[in-house]
1. Scan segment 145-164 and give yes if some residue there is at pLDDT 85 or above and more than 30 Å from residue 131 (Cα to Cα), otherwise no.
2. Determine whether residue 169 is free of Cβ contacts under 8 Å to residues at least 60 places away in the same chain, closer than 23 Å to residue 271 by Cβ and surrounded by fewer than 16 Cβ atoms within 10 Å (Cβ to Cβ).
3. All but one of (1) touching a residue at least 60 places away in the same chain (Cβ under 8 Å); (2) under 17 Å from residue 114 (Cβ atoms); (3) buried (at least 18 other Cβ atoms within 10 Å of the Cβ) hold for residue 178; which doesn't?
4. Give the number of residues within segment 118-139 that are touching a residue at least 40 places away in the same chain (Cβ under 8 Å) and either crowded, with 17+ Cβ neighbours inside 10 Å or under 21 Å from the mean Cα position of the chain (by Cα) (or both).
5. Residue 342 is checked against (1) within 24 Å of residue 24 (Cα to Cα); (2) out of contact with any strand residue (DSSP E or B) (no Cβ under 8 Å at 6 or more places or on another chain); (3) without any contact (Cβ under 8 Å) to a residue 40 or more places away in the chain; (4) not in a helix (DSSP H, G or I) and fails just one. What number does that condition carry?
6. Identify, from the list 290, 316, the residue that is under 27 Å from residue 208 (Cα atoms) and not in a helix (DSSP H, G or I).
7. Considering (1) more than 17 Å from residue 258 (Cβ to Cβ); (2) touching a helix residue (DSSP H, G or I) at 6+ places or on another chain (Cβ under 9 Å), say which one residue 146 fails and leave the rest.
8. Within segment 24-33, is even one residue without any contact (Cβ under 8 Å) to a residue 24 or more places away in the chain and under 20 Å from residue 81 (Cβ atoms)?
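The values are calculated or read from the model by the stated rules, or taken from the named source; none is laboratory data. Owing to the predicted nature of the structure, the values given are computational and were not obtained by experimental measurement. Neighbour counts are summed over all protein chains in view; Cβ atoms, including those assigned to glycine, are modelled from backbone coordinates with ideal geometry.
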């Protein structure tokens, strides 16, 4: 029986990176790219890929249901898509995915409920209501952000009670414990609350420099983070993939989870390149296959070359010459690794002419809504 991996949005860097990686690792797999509209240039990005231009998730599921001789594997690229899928009373039997119960999924993706659930166990920063802040404002300040949202979009640092008016209704309010550039991502593949595979990355550079988009990150392993993440996801009976973002409390030294992203993360290529294989393992578990033993690199890096690392290198081209021209055996590149030069350049060109991508990046960098 044919196996098709479902990827949403041909211009999504995660879809492009995973297609390039997995088609070498798993030549037996086929790939379905779906979106509302797919142009010719986007089709060129995915040699031998299959394409489906449909208006919504319902149309995609109808397409899958009509092909009972094919097994489809859902990769959770878009959080909203997975939320809509889990809310359905029935999905096609030939669609395989790993996902928690809908109640646990919704609790985790909502930053307010996630923080409130684990703050008493000192696993997340302290959670505040606006009324509590009006009575007492902490000296460390607070962070306000949409309860459900993408990355840094809409995040605001509130440094005094006089600025409380900036907080929007429904925002999650957490005690501020660090800067965005200090975030450590912890990535988990879980099977019914049990950790199957795990790795972490630490930001090396961000754009802008005080936090925003990760332009370079490296793998790390902090046992306290692994233990805290495993505890929270076990309590949520997690099944599938999840990313937890941690910051270290400078006073207590504890690593606290500031949010949970129940989907694939922007640097997912790093885990595959470094040998941790969370996505590969997800596909194997979804298909009922045995997990292969893997050997991870001691340390590996991921770089978002265009435009962020290129801009960084050009600020001091003589000193950073290797960043401009030299690849490294321990480094993978967003939009580049296993793509080949012409498809990597085409991916950049297609992305440049997608105004909505620049709009999203602008909001992530500035924190605007």
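1. no
2. Details: free of Cβ contacts under 8 Å to residues at least 60 places away in the same chain: yes; closer than 23 Å to residue 271 by Cβ: no; surrounded by fewer than 16 Cβ atoms within 10 Å (Cβ to Cβ): yes.
When the stated conditions are applied, residue 169 does not pass them.
3. That leaves (2) as the condition not met.
4. Residues that pass the stated criteria total 8.
5. (4)
6. Numbers: 290 fails: under 27 Å from residue 208 (Cα atoms).
Testing whether each residue is under 27 Å from residue 208 (Cα atoms) and not in a helix (DSSP H, G or I) leaves just 316.
7. The failed condition is (1).
8. Let us first name the residues in segment 24-33 that are without any contact (Cβ under 8 Å) to a residue 24 or more places away in the chain, namely 27.
Next, from what is left, pick out any that are under 20 Å from residue 81 (Cβ atoms): none.
Among the residues of segment 24-33, not one is without any contact (Cβ under 8 Å) to a residue 24 or more places away in the chain and under 20 Å from residue 81 (Cβ atoms), which makes the answer no.
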